[in-house]
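Input: a single structure, listed below in structure tokens.
The values are calculated or read from the model by the stated rules, or taken from the named source; none is laboratory data. Since the model is a prediction, treat every value here as computed from it, not as a measurement. Here Cβ is always computed from backbone atoms with ideal geometry, including for glycine, and neighbour counts include all displayed protein chains. Accessible surface is based on the protein model in full, side chains and every heavy atom, while ligands, DNA and RNA are left aside. Shrake-Rupley method; radii C 1.70, N 1.55, O 1.52, S 1.80 Å.
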Amino acid sequence: MYSGRLVLALLISNIPSMALVAAEKLPAIRVSDDKTHFADESGAAFRPMGFNYDHDASGRLIEDYWHTEWDRVENDFADMKELGANVVRIHLQFGRFMSTESAANEAELRQLERLLKLAEETRLYLDLTGLGCYHKKDVPSWYDELNEAARWKSQQVFWEAVASVCKDSSAVFCYDLMNEPVIGGEKPGNDWLGPAFGDKHFVQFVVQGTAGRTRPEAARQWIDSMVAAVRKHDSRHLVTVGFVDWSLARPGLTSGFVPEQVADNLDFLAVHIYPKASKAEEALATLKGFNIGKPVIVEETFPLGCSMEELDSFIDKSGDDADGWISFFWGKMPAEYEPPGSIGDAVTSKWLSQFSTRMKAESDVRTKQPGSCDQSAFDHDSCDCQSGSTASPLTFDAPELPFDLVKNFAQHSRMHSDGNTAFSVDLSAWSEELRDLPIGVFDSGIGGLTVQEAIFSMDAFNNDNLSPGPDGRKDFENERFIYFGDQANMPYGNYPSVERRDFLKELILKDAAFLLGKRYWAAPDAIEPRLDKPPVKAIVIACNTATAWGLEEIRELISIWKIPVFVVGVVEAGARGVTEVIESDGKQRTVAVLATVGTCASNAYPKAIGRSVGQAGKQLPIMIQQGSLGLAAAVEGDPAFISSELGGGTGRSSYLGPSVENQKAALDAANLKDYGFDSAGLRGDPELPNSLRLNSIENYVRYDVATLVKNYKASGKTSAIDTVVLGCTHFPLVQNEILSAFARMRAYETNGETPFKSLIAESIAIVDPAELTAKELFRETARRKLLRKSSADSPKSGDLFFISIANQNCPQAVINSDQSLDRDYKYSRDPGHLEIEDTICVPMKIELLPESSVSLIRSRLPEVWRRMQSSSEQN
């Protein structure tokens, strides 16, 4: 149907400004930092919905007609846009795009460039699915004759060629490495293609025989090799695979592409599901099996084996596990199937109409329409767009956002626009010269001071020309900083384990609001707050848990507030550190991540490492994690984990660390000697294991390292741990103790044997994300031209250090005799109550910190200690 294209052409020809809009770049689409959905570069949520454009009404593939009937392609794109699509899936055929096994077809690549421009003009994103062999007659004979290794190499050439053409296009949503790949069994097959559906071979073998590998191992090797080919040219756009729904590891038929075993190097999962009549629950269960902590889209669906009502119901119920749906368009609009020439025509026509209604409804919710409230409402009075009447601030409706927490914060600051209220921000505060503003750093406690030390001490760039390389001067010598440790609410890593994830995210937003705002208390007993703290020009999340759970929310909030502040987190920096450690010699590393329970629960490091290593074209390491329940808290001197009191802890803040009874951090009573505990750091009777309590930082370290190594041994893997990521900013403070604990486990002997020696390398590489975070901060500050040229640029000099403490005047707060928040109260709070200020932010005085923390800062963070002393003198 040409109507859509005709209307579009008339509009463009008669309204010049629209041509300019059409030429604007589409926002880049990425996976959100919490890995739960898709977002554009501003942080706004994006839900892919659209069509497979795999053939036309007569069964022709796009390469069959895009050279001679380009107007057909233009018309079809206009029609898909008119139906409400935002994504079109294109199926590129290997035989058309490859002239020989090592050379791409330049003519087809030029047509692909043309298609990218059309997509940009029509404002449709492309899901580019490759390596198709749908028509057997188009498959080159030389391709069928290649062995597995040569075939993979040729497939890599294909993806290198496609990625080199597409890397700069704003219309690329993703690369789908292959449509429905499968792995052969132990007995090699003799055909690379699966059975035909109609006249097309949609299923394709990438391995004919496993050759001693498990099928998931072979699938993962193939994925990694294809991703590496893409990443040679394009490190920005997303990568996935078109999974058949029988890929799960369950009895019966399986493709070998078991999601949890092969998808580490994929950005998201794309599964093809066609529900069967009366079996919608089975389809939903299958979809749930693909939910492994990454976004999932249903990349193919259609009422092929069920009614349209059943398919609609399936889509409605799949919202918790799917973040996008793609159906089919074969070159005809619904009206063009009327009168229907067959039952298939009738079904297709009705389904197109139904699916179009769904897509348009989704677009209405997520896209600003003419006359509707948009983000400018945050800067002006609330409005009712239909009546034009003034609305109450309490009923102000923010734009549709992915997180209600963010919406609450946006509304809260709008209602308190002067920034004088707790957790509010004066959005006019960035009117002065941005370069003069300080840089903000926050953590759940003092652990982030390890990142602050790296920032203070770094000399990795030339301060005059900004090029890499030391020049004998500190890189941030002219900058001032505001550090904030949320001591009262730590440890952050334990909130996910007690089902308080949303409250954790709210705490992280409060941390950002403090750095951005002007409100603080000059002393714990101050009668009223002061309002003279400067805002910041950048935020460093110096906390792994906070980065894993709140980076996306902070960026979303900053985007809504439209303030010129950028955010840097430590997890991505740590992943790049692992990538730098891995050599390009083909040797597989074994990486252990030591982090908090919360960071490990988010799987932030395995995901980030997988992406970073894959983009570098290096071999993905074996990755293991140990979620520490108490080490960070012990470093902070939390009395529920470590105490100078006999018996440890008092009142309701009883011991919460590892013990025989603690199911979340259990001591192995039968093998206590494996831990090598120092008796001076234990409470209880060694002869009565149930009575034992850890009471030293060293013993917490030994427990975590021993537990990690013992669990790794139990997994059956045999490669030696050779890299350790310090995935909590508290852990660099005890790096020596961690290395000693690994050395002890390696040398540990029992019954004349050394059971762990082969599992721990003699030399272990430590990855501390702090320095890499400092480098990223410098590069981004320099890129934005926000570096101060000299310390005399502004009279507002000097660093500021703050911590949070319990608010003794808050009627809702439950407070212990030691002036800390009661633990039961702390971990039972719900989000959404910004009117409750149960903690306050005060200058970080030495007397407010536990002696154990002070000792660590003084001995291991000399630059931080010096500048803290200077800050205390000023205040």
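Might you let me know whether the stretch 474-495 holds any residue that is touching a Phe, Trp or Tyr at 6+ places or on another chain (Cβ under 8 Å), in a loop (DSSP other than H, G, I, E, B) and surrounded by fewer than 20 Cβ atoms within 10 Å (Cβ to Cβ)? For the stretch 474-495, residues touching a Phe, Trp or Tyr at 6+ places or on another chain (Cβ under 8 Å), in a loop (DSSP other than H, G, I, E, B) and surrounded by fewer than 20 Cβ atoms within 10 Å (Cβ to Cβ): present. For the stretch 815-838, the criterion of being β-branched (Val, Ile, Thr), out of contact with any Leu (no Cβ under 6 Å at 6 or more places or on another chain), at pLDDT 95 or above and not in a helix (DSSP H, G or I) is met by none of the residues. Given the residues 608, 616, 604, 706, which is the only one that is aliphatic (A, V, I, L, M), out of contact with any strand residue (DSSP E or B) (no Cβ under 7 Å at 6 or more places or on another chain) and farther than 30 Å from residue 30 by Cα? Testing whether each residue is aliphatic (A, V, I, L, M), out of contact with any strand residue (DSSP E or B) (no Cβ under 7 Å at 6 or more places or on another chain) and farther than 30 Å from residue 30 by Cα leaves just 706.
Could you pull out the residue among 418, 471, 426, 459 that is free of Cβ contacts under 8 Å to residues at least 12 places away in the same chain and either assigned to a strand (DSSP E or B) or open to solvent by 10 Å² or more (accessible area, probe 1.4 Å) (or both)?
Working: 471 fails: free of Cβ contacts under 8 Å to residues at least 12 places away in the same chain; 426 fails: free of Cβ contacts under 8 Å to residues at least 12 places away in the same chain; 459 fails: free of Cβ contacts under 8 Å to residues at least 12 places away in the same chain.
Answer to the selection: 418.
The residues in the stretch 290-319 that are touching a residue at least 12 places away in the same chain (Cβ under 8 Å) and part of a loop (DSSP other than H, G, I, E, B) can be counted, and the count is 13. Only one of the numbered conditions (1) in contact (Cβ under 8 Å) with a residue 40 or more places away in the chain; (2) open to solvent by less than 70 Å² (accessible area, probe 1.4 Å) is not met by residue 815, and that is (1). The residue pairs whose first member lies in the stretch 223-239 and is within 8 Å of residue 160 (Cα to Cα), whose second member is assigned to a strand (DSSP E or B) and open to solvent by less than 10 Å² (accessible area, probe 1.4 Å), and whose beta carbons are closer than 7 Å, counting only pairs six or more residues apart or on different chains, are 230/175; 230/239. Annotation: of all residues in the stretch 735-762 being assigned to a helix (DSSP H, G or I) and hydrophobic (A, V, I, L, M, F, W, C), the one that is nearest to residue 857 (Cα to Cα) is 738. When residue 592 is tested against the conditions (1) closer than 23 Å to residue 715 by Cβ; (2) open to solvent by 10 Å² or more (accessible area, probe 1.4 Å); (3) modelled with pLDDT of 90 or more, the lone failure is (2). Looking at 765, 774, just one residue is among the small types (Gly, Ala, Ser), open to solvent by less than 60 Å² (accessible area, probe 1.4 Å), touching a helix residue (DSSP H, G or I) at 6+ places or on another chain (Cβ under 6 Å) and part of a strand (DSSP E or B), and that residue is 765.
So, in the stretch 418-435, of the ones that are of a type in the set (Gly, Ala, Ser) and at pLDDT 90 or above, which residue ends up farthest from residue 520 (Cα to Cα)?
The selected residue is 428.
The residue that is modelled with the highest pLDDT, counting only those in the stretch 840-873 that are closer than 18 Å to residue 809 by Cβ and open to solvent by 20 Å² or more (accessible area, probe 1.4 Å), is 841.
Looking at the stretch 541-564 only, could you name the residues that are out of contact with any strand residue (DSSP E or B) (no Cβ under 6 Å at 6 or more places or on another chain), surrounded by fewer than 24 Cβ atoms within 10 Å (Cβ to Cβ) and closer than 19 Å to residue 505 by Cα? If the condition is that a residue be out of contact with any strand residue (DSSP E or B) (no Cβ under 6 Å at 6 or more places or on another chain), surrounded by fewer than 24 Cβ atoms within 10 Å (Cβ to Cβ) and closer than 19 Å to residue 505 by Cα, then 558, 559, 560, 561 are the ones that fit. Restricting attention to the stretch 316-332, the residues that are more than 25 Å from the chain's Cα centre (by Cα) and open to solvent by less than 10 Å² (accessible area, probe 1.4 Å) add up to 3.
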